[in-house]
Amino acid sequence: MKRALITGITGQDGSYLTEILLDKGYEVHGVIRRSSSFNTKRIDHLYNQEELLDHRFFLHYGDLVDTSNLNRLLEKIEPDEIYNLAAQSHVKVSFEIPDYTAQVDALGTLRFLDAIRETGLKSTKFYQASTSELYGKVQEVPQTEKTPFYPRSPYAVAKLYGYWIIVNYREAYNIYASNGILFNHESPRRGETFVTRKITRAASRILIGTQDKLVLGNLSAKRDWGYAPEYCEGMWQILQHDKADDFVLATGETHTVREFVQHTFSKLGVELEWKGEGAKETGIVKSIDLERNKKVFAKKDLVNGITVGDTVVEVSPNYYRPTEVELLIGDSSKAEKELGWKAKTKFEDLVGIMADADFDLVARKGY
Ligand code: NAP
Ligand code: GDD
């Protein structure tokens with residue numbers, strides 16, 4: 001039985017990857033951080049399965065800033081595959097805590113690689129969660145594995161270190177270490193402060209009347225948004241490749257934040273019109289047709305927060321970033337050719353999956 005060690009197991013990707021690896025018959029070890037309240041809600045459904053707990057699913061306390069802890073974990077577990085997903089992953093927050101972000105996202109990766117070197121685990125394979133944020137102020141459209149990097153945030157600069165230390169340890173010490181350069185990927189498990197989830201959650205709450213407005217930053221930023229479970233399958237495929245290498249995973253389509261908002265409301269039966277520009281731009285309810293979405297229509301007695309003419313979207317410069325990444329669009333033809341990986345879920349379907357899941361949640365819980 002293969003053994004995998006996952007850092008960041010409590011995050012969006014960690015939870016999907018755990019399901020995928022358990023399904024493939026792996027023994028899965030996850031690193032969790034001590035927290036003053038529960039932080040395992042994305043994996044509780046797995047942790048509560050007794051047959052898994054006995055044999056194949058284990059959680060260990062740890063932190064990427066604690067070198068001795070990483071060494072001990074490697075010596076104890078001797079994993080065949082390591083997926084390093086742990087990170088301070090919020091770009092805007094990285095401007096507030098740049099030092100911590102570097103400690104975790106840059107040096108955390110180095111600590112792990114060094115632990116592999118020191119424990120002499122010659123056949124362990126290492127996956128690094130690299131990111132399309134590396135392209136930042138993009139030098140080429142679309143972005144491929146060969147596009148030069150131009151990071152635009154402390155997060156992206158820290159991940160740039162992570163990227164290159166992987167390449168360096170691969171070349172210097174012959175460690176099997178690969179970068180997955182993943183473009184944005186989303187799901188109903190996405191953290192609530194990332195823009196997609198913020199939008200689908202707010203739109204549902206606005207419909208039901210527990211929130212008045214959705215306040216956002218840059219509506220014109222463009223992202224290449226895919227569906228997270230497919231990207232986590234791609235991480236596994238990257239480590240099954242005969243040699244360590246770096247791969248872009250992306251959909252090849254790009255959309256603005258504004259389009260994401262528009263499609264979310266539309267999916268829930270509400271058409272918006274846009275007025276004004278920049279920080280004065282607003283989204284106003286033009287029409288409401290709940291029958292368009294069966295889930296919403298079935299709960300239409302709960303929909304009482306919205307009227308034609310309401311302003312439901314506003315812009316606040318508080319959400320702007322000191323330096324922004326305006327456009328991302330990836331070309332994953334190398335992954336398609338060498339790994340057989342291709343994104344399947346289209347933008348509108350992704351919006352639908354997330355909007356439906358959040359509407360269900362808000363309708364059930366009332367918030
Ligand atoms: P996420 O939901 O924010 O999860 C981050 C995980 O890292 C959480 O489990 C978190 O633990 C853990 N973590 C944070 N700091 C840690 C530390 N010091 N020591 C140990 N664990 C720590 O992120 P995600 O969306 O799943 O992304 C997974 C990885 O892929 C990240 O490295 C991210 O930067 C990268 N990435 C994501 C995307 C995307 O679109 N989602 C795209 C490209 C790359 P807690 O639960 O305790 O906070
Ligand atoms: N979070 C957030 N909140 N973003 C907003 C908002 C808002 O209220 N309003 C507009 N945006 C814009 C941001 O300025 C950015 O251009 C875009 O929406 C996407 O922001 P996020 O969803 O926070 O994601 P990100 O692209 O910055 O970073 C995510 O994707 C990266 C891969 O490209 C994270 O998951 C990173 O960890 C990941 O590396």
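The values are calculated or read from the model by the stated rules, or taken from the named source; none is laboratory data. All figures in this text were calculated on a predicted structure; none of them were measured in a lab. Please note: Cβ atoms are built from the backbone with ideal geometry, for glycine as well, and neighbour counts cover all protein chains shown. Ligands, DNA and RNA are stripped out before the accessible areas are found, and what is left, the full protein with its side chains, is counted by its heavy atoms. Shrake-Rupley method; radii C 1.70, N 1.55, O 1.52, S 1.80 Å.
Computed values, structure above
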{"read-out": "In degrees, nearest ten, helix 257-267 long axis to first principal axis of the chain (Cα)", "value": "60 degrees"}
{"read-out": "Cα gyration tensor of the stretch 183-246 - equivalent ellipsoid semi-axes, whole Å, descending", "value": "33, 13, 7"}
{"read-out": "Viscosity 0.890 mPa s, 25 °C: Kirkwood-radius Stokes-Einstein D of the chain over Cα pairs, µm²/s", "value": "114 µm²/s"}
{"read-out": "Too-long pairs where the Cα-Cα distance tops 29 Å, listed order kept, from Lys24/Lys267; Lys41/Lys275; Lys24/Lys294; Lys280/Lys346; Lys146/Lys344; Lys267/Lys365", "value": "Lys24/Lys267; Lys41/Lys275; Lys24/Lys294; Lys280/Lys346"}
{"read-out": "Whole-Å semi-axes of the stretch 83-158's equivalent ellipsoid (Cα gyration tensor)", "value": "25, 18, 8"}
{"read-out": "Peptides ranked, highest mean first, by Cβ atoms within 10 Å: ranges 36-44, 329-337", "value": "329-337, 36-44"}
{"read-out": "Percent accessible area from carbon and sulfur atoms, the chain, protein chains only, probe 1.4 Å", "value": "48 percent"}
{"read-out": "The stretch 16-90 and the stretch 92-171: distance between their alpha carbon centers, rounded to Å", "value": "21 Å"}
{"read-out": "Order by protection proxy (mean Cβ within 10 Å, highest first), peptides 351-357, 172-178", "value": "351-357, 172-178"}
{"read-out": "Peptides 128-137, 281-290 ordered by average Cβ neighbours within 10 Å, highest first", "value": "128-137, 281-290"}
{"read-out": "D_trans [Stokes-Einstein, Kirkwood Rh over alpha-carbon pairs] for the stretch 1-45, 10 °C, 1.306 mPa s, µm² s⁻¹", "value": "147 µm²/s"}
{"read-out": "Where N is the number of residues in the stretch 1-117, Cα Rg divided by 2.2 N^0.38 Å", "value": "1.06"}
{"read-out": "Kirkwood-based Rg to Rh ratio, the stretch 228-301, C-alpha trace", "value": "1.22"}
{"read-out": "Relative intensity, log₁₀ I(q)/I(0), of the stretch 226-367 from a Debye sum that treats every alpha carbon as a point, q = 0.10, 0.12, 0.18 Å⁻¹", "value": "-0.50, -0.68, -1.10"}
{"read-out": "Taking the stretch 9-95 and dividing mean pair separation by its residue count, relative contact order in percent (alpha carbons under 8 Å, at least six apart)", "value": "32 percent"}
{"read-out": "For the chain: relative contact order, % (alpha-carbon pairs under 8 angstrom, 6 or more apart)", "value": "17 percent"}
{"read-out": "Heavy-atom accessible area per residue - the chain, 1.4 Å, Å²", "value": "45 Å²"}
{"read-out": "Principal semi-axes in Å for the stretch 131-235 [√(5λ), Cα gyration tensor, largest first]", "value": "33, 16, 12"}
{"read-out": "For the stretch 122-177, the spread of Cα positions along each principal axis, largest first, Å", "value": "37, 22, 16"}
